[in-house]
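Data block below; observations after.
The values are calculated or read from the model by the stated rules, or taken from the named source; none is laboratory data. Computed from a predicted model, the values in this text were never measured in an experiment. Here the Cβ is made from the backbone with ideal geometry for all residues, glycine too, and neighbour counts use every protein chain on show.
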Amino acid sequence: MFSKDFLYWQADGFNWLYMFEDGMIVPSEFEIVDFQGGLYAVTTDIDQKTDKELMKAEVDNFLRENGFERDASHRDLGNIITSPLAREIMGYEQMDYYIPIKVKRKSI
């Protein structure tokens, strides 16, 4: 999987996750977290220029139309996907936003 690092927001600020692979030497000051995984909707925008309210509305509309809903039991994640060369050429970085989702249960 590329890329292997993910950003998420927690009450104490931004936190980074890095995907552990067998054989990695993990410094003692880092914690290994068992990440649950799951389904994610992914959207891409220009880093630090995203209209988050508009993005939220568009994602929610997409989910509603396709039988999904947000999964509050998982964290939203983010990832800068732009290489240094692409950033130099474009003048900005792109960010993927990972929104945890689940199949919407039908009302009886």
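Structural remarks
- For the chain, the strands (runs of 3 or more DSSP E) that sit wholly inside it and include 2 or more residues that are of a type in the set (S, T, N, Q) and either surrounded by fewer than 10 Cβ atoms within 10 Å (Cβ to Cβ) or touching a residue at least 12 places away in the same chain (Cβ under 8 Å) (or both) are 39-46.
- Selection count, the stretch 54-79, where residues are modelled with pLDDT under 95 and closer than 13 Å to Lys102 by Cβ: 3
- Of all residues in the stretch 9-53, none satisfies the criterion of being of a type in the set (Ser, Thr, Tyr) and at pLDDT below 85.
- Note on the stretch 1-46: among residues that are among the hydroxyl-bearing types (Ser, Thr, Tyr) and over 12 Å from the mean Cα position of the chain (by Cα), the one that is farthest from Ile80 (Cα to Cα) is Ser28.
- Any hit, the stretch 13-32, residues being over 30 Å from Lys106 (Cβ atoms) and of a type in the set (Ser, Thr, Tyr): yes
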